[in-house]
1. Of these, 215, 222, 248, which one is crowded, with 17+ Cβ neighbours inside 10 Å, in contact with a strand residue (DSSP E or B) (Cβ under 9 Å, 6 or more places away or on another chain) and not β-branched (Val, Ile, Thr)?
2. Take residues that are over 22 Å from the mean Cα position of the chain (by Cα) and closer than 23 Å to residue 165 by Cβ and tell me which of the helices (runs of 4 or more DSSP H) falling wholly in the stretch 233-325 contain 3 or more.
3. What residue, among those in the stretch 151-187 that are in a loop (DSSP other than H, G, I, E, B) and of a type in the set (Gly, Ala, Ser), is nearest to residue 122 (Cα to Cα)?
4. Listed residues 87, 128, 120; which is open to solvent by less than 40 Å² (accessible area, probe 1.4 Å), under 14 Å from the mean Cα position of the chain (by Cα) and assigned by the TED database to the domain that holds residue 150?
5. Take the residues in the stretch 1-40 that are part of a loop (DSSP other than H, G, I, E, B), of a type outside the set (Gly, Ala, Ser) and open to solvent by less than 50 Å² (accessible area, probe 1.4 Å); name whichever of them is nearest to residue 129 (Cα to Cα).
6. Right, residue 272: exposed (fewer than 15 other Cβ atoms within 10 Å of the Cβ), of a type in the set (D, E, K, R) and in contact (Cβ under 8 Å) with a residue 40 or more places away in the chain or not?
7. I need a count of the residues in the stretch 151-190 that are among the β-branched types (Val, Ile, Thr) and either touching a helix residue (DSSP H, G or I) at 6+ places or on another chain (Cβ under 6 Å) or open to solvent by 20 Å² or more (accessible area, probe 1.4 Å) (or both).
8. Among the residues of the stretch 41-54, is any more than 30 Å from residue 251 (Cβ to Cβ), in a strand (DSSP E or B), touching a strand residue (DSSP E or B) at 6+ places or on another chain (Cβ under 9 Å) and of a type in the set (Gly, Ala, Ser)?
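The values are calculated or read from the model by the stated rules, or taken from the named source; none is laboratory data. All figures in this text were calculated on a predicted structure; none of them were measured in a lab. Cβ sites come from the backbone with ideal geometry, for glycine too, and all protein chains shown count toward neighbours. Just the protein is used for accessible areas: all its heavy atoms, side chains included, with ligands, DNA and RNA removed. Shrake-Rupley method; radii C 1.70, N 1.55, O 1.52, S 1.80 Å.
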Amino acid sequence: SGKATRISPENSEYSWSALAVDGHNVLAVSSSPIDPPQIKYGHQVSLKDQTCTWVWDEVNNNPLMAANNKVKALLSHHQFSILKIPVTNPSDDLSDGSKLPFEAIFVSCKDSSHKPTILVLHGGPHSVSVSSYSKTSAFLASLGFNLLIVNYRGTPGFGEEALQSLPGKVGSQDVQDCLTALDYVIEGGLIDASKVAVIGISHGGFLTTHLIGQAPDRFMVAAARNPVCNLSLMIGTTDIPDWCYAVACGSEGRQHASESPSPDHLRLFYQKSPIAHISKVKAPLLMLLGGADLRVPISNGLQYARALRERGGEIRIMMFPDDIHEINIPQSDFESFLNIGVWFKKHLSISASDASA
């Protein structure tokens, strides 16, 4: 009919993806941050009042279940919720759609207010964190961490106005959204404000290094994967130089894009970059870099690391020579998150009983 209809359960905060459709029969996969993927069979059932509803049955005896049960045991003391975070003190130039609440996925341990919390930030910035199962997030949760996964304004899926509110305001609006989300769970008594870490990749790494510079007393430790640290350096080395103009200059950025940026643009790029705040950084930083990354070449991270060391900061670099921007070769992915877990445990003082998983 061309009509859009929700067929997944109305009260479900799980992530749902269709695998196959045959008339009114749907095969889908459902998961959450603490529930591994489960195959579901959906079909319509007629009710007495002549209406129809969708019913979802689990598809058992599939090869995923044995591994899933082990993971479920590790995460059995966890829960998750999707939080609506109000925008605080919105500027007058914002449209109504960009003043609406944004969302964060909160994965919490039993007695979460006493556990350390990791602020998890996606890249893009026009990417999105969904409520599906992620082995890396599940691994960090199993070590005894709460996870606050923030979809700051500029994330797709929350309206065009919210999406377009971020270009030109990177390093300020997105940073403030992350701090607002953190304040929201602290003020709600959900986490311990003295035990907070932050991690992100690409633009999420940009936010990670911004946060430990702009709010140095809020974070005990950080990890950044192929982070954007200096837009004025990136403009001459990346395979997408126009992106630097778009995020830093806003809607008119691309018309100014050039391989020979003006002094004014170079100054603007630097001012909007984490390296402008490096003198205030206190948190120990683990930096993970892909040697074959063309999007954010390793020179960006290495320059920041050298500058941080000059100032006596604590930093460790892990290099994956054959990896690209995502660091997604299975061995690299495994090694990076294993070391992130060790790094966070070391600096957040997680007890052996907390990390028994």
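1. 222
2. Once the helices (runs of 4 or more DSSP H) in the stretch 233-325 are filtered for at least 3 residues that are over 22 Å from the mean Cα position of the chain (by Cα) and closer than 23 Å to residue 165 by Cβ, what remains is 241-249, 253-256, 263-271.
3. Result: 154.
4. 120 is the lone residue from the list that is open to solvent by less than 40 Å² (accessible area, probe 1.4 Å), under 14 Å from the mean Cα position of the chain (by Cα) and assigned by the TED database to the domain that holds residue 150.
5. 33
6. Here the answer is no, as residue 272 does not meet what is asked.
7. 3
8. yes
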